[in-house]
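Input: a single structure, listed below in structure tokens.
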Amino acid sequence: MKTKMNSWWGTSGFSCSTLTNSKLLALFLVLGFTLCAQNAFAEDPGAPSDRGIQPMFESGNPTCSDLVGDIDGLVEYRIDGSELGNMNLGDGDLSVTIDVRPDKTFDWTSSGGVIYSIFVKGGPNGNLYDYEGTGFTWDGGLHSPVNEKNGNYYGLSHVSFCYVPGEPEISITKTCTGGGLNEAGTALIYNYELTVENTGTLPLFDIKAIDTTAEDLNPEDELHTYTKDGLLPGDTEMFSGSFEIGVNSPTNNAEVTAAIEDGGEVAVEDMTSFECPPQDTKGELSLTKDCDVVVVLNDYLDYGLQVDYRGEVCNESEVAISGVVVQDNKDPTLHLIGNLSPAGSPGACATYSGSYVPVPGEGELGENGTPGFYVGAFTDIVNASGDTAFGQTVDATPADASCTLCPQCVDLEGMCPAPTSAINLE
């Protein structure tokens, strides 16, 4: 069945007598979709900026006060489209550089103020870029809304910078002083102080100072991260701590960040370094020695002489010494002592002992055939060495001992010492 709708078409010259209901419905849907699409397209703000700030479509020609609200010291610096090509832009407080691209977008940099927002006017409306709390001093790819007729951006009518005059700035300085060795003598202690100052003209928030060198040595927790809610211009705050490190005179690094509003993004930062002073890491070993000459049954089942020696090697420094060895100059046996703790602590000393058969003709024994009764005291030397925890070699002052040869004894049983095997060496 066909429906006639002459009553409302009047004299338009177009007859609907041949249209079906389904065709009319399709026509109305197409017209509706077209109108909706045009309406949505007409309020299209376009793509975000290079730093990810998505513009918001704003009708008409609002001011910074309309857009940002009541902020102390808020200033609007408006640049007309004809001025955008100028090299040096500014109003005495804010300095701006703008580079307009062929596609009607532009890049900007600024100094002398904290940017809260930028309004870009083009055609009947504009785009608002919200920079509040970011601390950004540059961005790129800003533009006016999309022209619904051709899909391009409108030409730039004017650009308004909404800002508060002043510069947010922060600085960090530090000192590093030596603190000696740790208890184990294996690492150096360094003390540090971090001084943070608000050197700008605006309040700062969420201050975070880190001794990065110390923090890197403690990756499991933030022992050397310090925070403060806020700092007014000219105010300072000091933080202190200490750390252990196996490097002498390290370069100590620190950094600080802050925001220009509570809970905002990092807006300012500073870094510093300090050469920590060198500390004394020299090791020192002391060495003692005693010896006896005894008569023993030798490998040939004859009686002969044997030198039994003993002594103690001690660490006399605050640094741990490892790989300590002791050797008598007439005994090829090397005594492996191992590690010695710092002086005054358990394990700082260790004993050693050994024996050897003196060889005739070595000087003290006289020439071959000299009776033992006429031979003087037998003397030999013992040496010790090791390495500190910082890789420095330590040599002890050699120790010597003179032993009277047993054949000089009148009362062998009462005056001559027993062999080492019969002596309890502790």
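The values are calculated or read from the model by the stated rules, or taken from the named source; none is laboratory data. Keep in mind the model is a prediction, meaning the values are calculated, not measured. Heads up, the Cβs are rebuilt from the backbone with ideal geometry, glycines too, and the neighbour counts pull from every protein chain shown. Just the protein is used for accessible areas: all its heavy atoms, side chains included, with ligands, DNA and RNA removed. Shrake-Rupley method; radii C 1.70, N 1.55, O 1.52, S 1.80 Å.
For the pair T397 and E220, a Förster radius of 35 Å applied to the C-beta separation gives a FRET efficiency near 0.20, rounded to the nearest 0.05. Sequentially through segment 229-242, phi angles give Karplus couplings (6.51, -1.76, 1.60; θ = phi - 60°) of 5, x, 9, 7, x, x, 7, 10, 9, 10, 10, 9, x, 8 Hz, Gly and Pro residues having no value and appearing as x. Short-range pairs are left out: with C-alpha atoms under 8 Å and at least six residues apart, the relative contact order of segment 175-224 is 23 percent. Report the percentage of all Cα-Cα pairs in segment 141-253 whose separation exceeds 22 Å, rounded to a whole percent. Everything past 22 Å amounts to 55 percent.
Over the Cα atoms of segment 185-224, each weighted equally, I'd like the Debye log10 I(q)/I(0) at q = 0.15, 0.28, 0.31 Å⁻¹, rounded to two decimals. Treating every Cα as an identical point scatterer, log10 I(q)/I(0) equals -0.53, -1.07, -1.16.
Starting from the Cα gyration tensor of segment 261-353, take the square roots of the eigenvalues, sort them a ≥ b ≥ c, and report rounded, prolate or oblate (rounded when a/c is under 1.5, otherwise prolate if a/b is larger than b/c, else oblate).
Numbers: a/c = 5.07, a/b = 4.52, b/c = 1.12.
Prolate, since a/c reaches 1.5 and a/b exceeds b/c.
Of all aspartates and glutamates in the structure, those lying under 13 Å Cα to Cα from K289, and not within fewer than 8 positions of it along the same chain, are D308, E312, D328, D380, D400. Residue by residue, segment 328-337 carries 3J(HN,Hα) couplings of 7, 6, 10, 10, x, 5, 9, 8, 8, 7 Hz when phi is fed to the Karplus relation 6.51 cos²θ - 1.76 cosθ + 1.60 (θ = phi - 60°); x denotes Gly or Pro.
Using a 1.4 angstrom probe with every protein chain in place, what is the largest-first accessible-area order of M87, M56?
In descending accessible area the options line up as M87, M56.
Determine the distance separating the Cα centre of segment 324-341 from the Cα centre of segment 44-115; give it in Å without decimals. Cα centroid to Cα centroid, the span is 79 Å. Using the Cβ-Cβ distance between V100 and V266 with R0 set to 25 Å, the FRET efficiency works out to roughly 0.25. Using a probe of 1.4 Å on the protein chains alone, the accessible area found for F274 is around 70 Å². What does the charge count around P250 come to, taking other residues whose C-beta lies under 15 Å from its C-beta (Lys +1, Arg +1, Asp -1, Glu -1)? Taking every Cβ under 15 Å from that of P250, the sum is -4. Distance from the Cα centroid of segment 222-261 to that of segment 119-177 is 32 Å (rounded to whole angstrom). Annotation: aspartates and glutamates with alpha-carbon distance below 20 angstrom to K149 (same-chain offsets under eight excluded): E43, D44, E58, D103. The mean sequence distance of close C-alpha pairs (under 8 Å, at least 6 residues apart), as a share of the length of segment 228-360, puts its relative contact order at 17 percent. Ligands, DNA and RNA excluded, the heavy atoms of H158 present near 10 Å² of accessible surface to a 1.4 Å solvent probe. For K208, the aspartates and glutamates whose Cα comes closer than 13 Å to its Cα, not counting residues fewer than 8 places off in the same chain, are E197, E222, D229, E237, E255, D262, E265, E269, D270.
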